[in-house]
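The block underneath contains the structure these notes are about, expressed in C-alpha cells.
What follows draws every value from the coordinates through simple rules; no lab data is involved. Worth saying up front: this structure is predicted, and the values here are computed from it rather than measured. All Cβ positions, even for glycine, are placed from backbone atoms using ideal geometry, and neighbour counts span all protein chains on display.
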Amino acid sequence: MRMRRPCSPAKAGARTGRCTRPRPAPGNMLHGAVYAFLLASPTPALADSLLPPAEYADTQLADPAQERAAKALMETIRCLVCQGQAISDSDAEMAGDMRALIRQRIQAGESPDQIRDWLVARYGNWVSYDPPLEPLTWPLWGAPILLLLAGLWLARNRFKRRPRR
Amino acid sequence: MKRLVLWTPLIVFVLFMAVVAAGLYAPSDRTIPSRLVGQPIPQFDLPPSLPGRPGLSSAVFRQGRPRIVNIFASWCVPCRAEAPQLAELARRGVPIDGIAVRDRPQDLAGFLAGYGDPFRTIGADNDRRVQLALGSAGVPETFVVDGRGIIRHQHIGAIMAQDIPAIVAAYEAAR
C-alpha cells in the first residue's frame, strides 16, 4: 500500500517550506534580500518538521472495509503541497496528515462524502479530483458527448457518399 | 460552405493552440485561499506548545476584540523572515496568537529566543488538525479574526514589510 514517490525538493519548496510560493513584488529590495538569504542558507532538511508522521498516515485501518473506503477517498483528494498528486501518492508530510485525518474520520463513522464535503468547504473543489457537475464544469462532461456526435455526423456523411460513386 | 469546411480543422487547431499557449504563458498561481474567509472560525482547543504558557482555544476569538492568528513553525524558514513584521504588528498593539504546526517545545523555545516572541498564546497543532480545519495549505499563514469569531482576512506566505498595511487595515476593519 505504501508508495514511495517523494515530492521533489523543488516542488516541496525545500527552501521556502511550502510549495505555494508567495509571488514576489517586482523590484522590491527587501524581497530580493530575503530571497538571497533564503537561497544562501543551507536548509533543505528543514522542509519538514522533526515530529514523527501522524499515527494513521502510513498505517492501515484494522477494518478492511473501512480501509478500502478511506483509500478510495484518498485517491481522489489532491495534495495541497505537491499539487499534482493525490494524497495517497504523495510523500509530503501534509499529505500524511491528511491521510491520517481521513482514516480517523472514517473510523469514527463518517462517510467519505461527508469528509470530501468538509475538505471542499475549506479548500474549494480544487482539493477534489472528482469534480461535481456545475456550470463551470459542464464542458468537461459535455465535450465527450459533443465530440461523439460530431464523429457520428462525419461518419454518416462518409457512408452516404460511397454508394453514389 | 465547402470553403468553410476546409478551413474548419485549421481554425479548431489554432484555437486549441491558443488555449494551450495561454495556459503555458500565464503566470502560475499556486496559492490556495481558504474558503472560510467570511465564515466563523472552527471550534478548536489546542494545548500549550510551551510549558507555563497558555494554549489557544477558539473561544478567545469571540471576546469582542479582533485578533490575528499566525500559523507558523520553528522548522519553517519563511517564518523567520516574517518575524520582524510580526514584531512590528505586536508593537502597534495588534494581539497575535500563534498556532505552532508540528513543533517540539525545545525547537520552538529556540525559535522564539532567536527571532522574537510576539505571541499572546501559542497552541500546539501537532497533527495539523486545526491547520486543516482553517483551510490553511501551508506555513506561514495569517488570519485576521473579528470580535465575533468571523475570519475576515487571510494572508498566505510570509508577511513582508509591504504587507503590513493590508493586515493592519483588515484588523482595523474587523473592529
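Condition test on residue A:112, is it buried (at least 17 other Cβ atoms within 10 Å of the Cβ) and within 25 Å of residue A:74 (Cβ to Cβ)? Yes: the conditions hold for residue A:112. Selection of first residues in region A:139-150 that are surrounded by 10 or more Cβ atoms within 10 Å (Cβ to Cβ) and of second residues that are outside any helix (DSSP H, G or I) and of a type outside the set (Phe, Trp, Tyr), restricted to Cβ pairs under 9 Å at least 6 apart or on distinct chains, gives the following pairs, ordered by first then second residue: A:140/A:131; A:140/A:133; A:141/A:131; A:141/A:133. Considering the conditions (1) closer than 18 Å to residue B:84 by Cβ; (2) at the interface with chain A (Cβ under 10 Å from one of its Cβ atoms); (3) among the aliphatic types (A, V, I, L, M), residue B:112 is excluded by exactly one of them, (2).
Grab the helices (runs of 4 or more DSSP H) fully contained in region A:66-165, keeping just those with 1 or more residues being within 30 Å of residue A:49 (Cβ to Cβ), within 14 Å of another protein chain (Cβ to nearest Cβ) and of a type in the set (D, E, K, R). Walk me through it before giving the result.
Values: elements: A:93-107, A:112-123, A:138-164.
Per the criteria, A:93-107, A:112-123.
Surrounded by fewer than 19 Cβ atoms within 10 Å (Cβ to Cβ) and out of contact with any Leu (no Cβ under 7 Å at 6 or more places or on another chain) - does that describe any residue in region B:96-104? Scanning region B:96-104 turns up no residue that is surrounded by fewer than 19 Cβ atoms within 10 Å (Cβ to Cβ) and out of contact with any Leu (no Cβ under 7 Å at 6 or more places or on another chain). Of the strands (runs of 3 or more DSSP E) that lie entirely inside region B:78-153, those containing 3 or more residues that are over 25 Å from residue A:105 (Cα atoms) and of a type in the set (Val, Ile, Thr) span B:141-145.
Kindly indicate the residue of region B:1-53 that is assigned to a helix (DSSP H, G or I) and of a type in the set (D, E, K, R) and also nearest to residue B:72 (Cα to Cα) among those meeting that condition. Let's see the steps before the verdict.
Step one: list which residues in region B:1-53 are assigned to a helix (DSSP H, G or I), which gives B:2-25.
Filter once more, keeping what is of a type in the set (D, E, K, R): B:2-3.
On the way: B:2: 64, B:3: 63 Å.
Taking the candidates together, the pick is B:3.
Taking into account only those residues within region B:62-102 that are among the hydrophobic types (A, V, I, L, M, F, W, C) and over 17 Å from residue B:167 (Cα atoms), which is nearest to the chain's Cα centre (by Cα)? Give the derivation first.
So the first thing to find is which residues in region B:62-102 are among the hydrophobic types (A, V, I, L, M, F, W, C), and the list is B:68-69, B:71-73, B:75-77, B:79, B:81, B:83, B:86-87, B:89-90, B:94, B:96, B:99-101.
Now drop any that are not over 17 Å from residue B:167 (Cα atoms), which leaves B:73, B:75-77, B:99-101.
On the way: B:73: 12, B:75: 16, B:76: 13, B:77: 15, B:99: 11, B:100: 13, B:101: 12 Å.
So the residue we want is B:99.
Sub-9 Å Cβ pairs linking a first residue in region B:153-173 that is facing chain A (nearest Cβ under 7 Å) to a second residue that is among the acidic types (Asp, Glu), at least 6 apart or interchain, are B:156/B:141; B:157/B:82; B:157/B:141; B:157/B:163; B:158/B:82; B:160/B:82; B:161/B:88, ordered by first then second residue.
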